[in-house]
Amino acid sequence: MVNILFSAQPARWEEFRTYLHAAFDKAGFNYTLTTEFPPEQVDYIIYAPNGPVTDLTPYTNTKAVLSLWAGVESIVDNKTLTQPLCRMVNHGLTEGMVEWVTGHTLRHHLEMDRHIHGQSGTWLEGAPPLARERKLCVLGLGALGTACAQQLATLNFDTHGWSRREKSVTGITCHHGNTGLTEALTGADIVVLLLPDTPATTNIINADTLALLAKGAVIINPGRGPLIDDAALIKALDSGTLSHATLDVFRVEPLPPEHPFWVHPKVTVTPHIASETRPPSASEVIAENIRRGEAGEPFLHLVDREAGY
Ligand code: NDP
C-alpha cells in the first residue's frame with residue numbers, strides 16, 4: 001500500500017482528488033490518498049507551498065515530495081527537506097504558458113494598443129514590421145521557455161534564447177553564460193522572462209541589461225518577480241528606453257493596491273495567471289512519478305537543490 005498525502009489548499013484538494021484517483025487507478029498501484037496521515041507513514045507528499053506541511057522533519061519514510069508548482073523557490077532552501085524534490089512539468093502548464101506568451105508578444109509586435117486605444121477619428125498609417133524583423137529573446141530555455149521560443153520561432157521572430165548550460169534548439173539562436181546574456185539581449189525588441197527565481201537570476205533585468213535592448217523594447221515577465229529590478233524598470237519605462245512591460249509575477253503577490261505598477265501607463269499587470277497547474281495533466285505526471293518511485297526508476301523533473309531549480 002502506498003500512502004500519499006495531499007498537502008495544498010483545501011480548494012485544490014477538491015479540484016484534484018477525482019483526477020488523482022483516476023490517474024493512480026490507471027497506473028495500477030495500491031494506494032491510500034488523503035489530506036491527513038501520521039507523518040511517519042507517508043510515502044509521497046503532493047506539495048504546494050501554501051499547504052499545511054512546512055516542516056518535513058517528521059516525514060522520515062517519505063520517498064519524494066512532488067510539487068504542484070513549477071517554481072520551487074519557496075521550498076528549495078527548506079533545511080527540513082531531505083527527500084528528493086520533483087517540480088511540476090506537464091503539457092497543460094506548458095500549453096497555457098505558450099498561449100499567454102504568444103498572445104502578449106503579438107499584442108506588442110502588432111502594436112495592437114495603437115488601434116485599440118487610438119481610434120479617435122485619426123487614420124493611423126503604417127503597418128507593423130514583420131516578425132522576422134524583430135529580435136525576440138527568451139531568458140530561460142527550460143520546459144516553458146523552450147516551448148514558447150519554438151512557437152514564436154514558427155511565427156518567424158528572430159528568436160534567441162539564453163540558458164545556464166550550453167544548448168541547441170532548432171530554429172533558436174541559443175546563448176549561455178554571462179557573455180551569452182549580453183549577446184542575447186543586445187538589440188532585442190521583445191524579452192520574455194522564463195527563468196526560475198534563484199540567487200543567480202535575481203535582478204537579471206537591471207539598469208545595465210536594460211541598456212542593451214533596442215530603444216522602445218518590451219519586457220514580458222511570466223517568470224518570477226525578483227528577476228526584475230523594479231526601480232530600474234520604471235526608470236527605463238519613463239525614459240522611453242522601454243515602451244511597455246507586461247508583468248504577471250511580482251516580488252509581493254497579490255501586488256499591493258498602492259504599487260506604482262497598477263497605475264503606470266506603460267505597465268500591464270496580470271495576476272499570476274500566465275499558466276497554472278491543471279489537475280488532469282498534472283495528476284498523470286504525479287502518478288507516473290509515484291509509479292517510478294515504487295519501481296525503483298529515476299524520478300522525472302528532479303530539482304537540483306544546488307542550482308536552486
Ligand atoms: P526549467 O527549470 O525547465 O527551466 C529553467 C531555465 O532557466 C533553464 O533553461 C535554465 O538553464 C535557465 N536558468 C536557470 N538559472 C539560470 C542562470 N543562472 N543563468 C542562465 N539560465 C538559467 O523551468 P520551467 O521552464 O518549467 O519554468 C520556468 C519558470 O517559470 C519557473 O521557475 C517559474 O518561476 C515560472 N512559472 C510561472 C508561471 C506563471 O503562471 N506565471 C507558471 C509556471 C512557471 P539550463 O537549461 O541550463 O538548466
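The values are calculated or read from the model by the stated rules, or taken from the named source; none is laboratory data. For clarity, every value in this text was computed on a predicted model and none was experimentally measured. Glycine gets a Cβ as well: all are built from the backbone with ideal geometry, and neighbour counts include every protein chain shown.
Within the option set ALA8, ALA22, ALA27, being among the small types (Gly, Ala, Ser), under 22 Å from ARG291 (Cβ atoms) and under 23 Å from the mean Cα position of the chain (by Cα) holds for one residue only, ALA8. Determine if the range 256-265 includes at least one residue that is among the aromatic types (Phe, Trp, Tyr), at pLDDT 95 or above and either under 18 Å from GLY142 (Cα atoms) or within 13 Å of the ligand (Cβ to nearest atom) (or both). Checking the range 256-265: not a single residue is among the aromatic types (Phe, Trp, Tyr), at pLDDT 95 or above and either under 18 Å from GLY142 (Cα atoms) or within 13 Å of the ligand (Cβ to nearest atom) (or both). Restricting to the range 88-137, and then to whatever is surrounded by fewer than 13 Cβ atoms within 10 Å (Cβ to Cβ) and among the β-branched types (Val, Ile, Thr), can you tell me which residue is farthest from the ligand (Cβ to nearest atom)? So the residue we want is THR122. Filtering the range 168-191 to residues that are assigned to a strand (DSSP E or B) and out of contact with any Leu (no Cβ under 8 Å at 6 or more places or on another chain) leaves THR173, HIS176. Taken together, the residues in the range 168-193 that are in contact with a strand residue (DSSP E or B) (Cβ under 6 Å, 6 or more places away or on another chain), within 11 Å of the ligand (Cβ to nearest atom) and either among the small types (Gly, Ala, Ser) or closer than 20 Å to VAL72 by Cβ (or both) amount to 3.
Just give me the residues in the range 200-215 being more than 16 Å from the ligand (Cβ to nearest atom) and surrounded by 14 or more Cβ atoms within 10 Å (Cβ to Cβ), in sequence order. Across the range 200-215, the qualifying residues are ALA207, LEU210, LEU213, ALA214.
The number of residues in the range 230-263 being under 25 Å from GLY96 (Cα atoms) and either more than 22 Å from the chain's Cα centre (by Cα) or of a type outside the set (S, T, N, Q) (or both) comes to 13. Identify the residue in the range 138-167 that is part of a loop (DSSP other than H, G, I, E, B) and within 17 Å of ALA307 (Cβ to Cβ) and, among all such residues, is nearest to the ligand (Cβ to nearest atom). Checked the range 138-167; the qualifying residue nearest to the ligand (Cβ to nearest atom) is GLY142.
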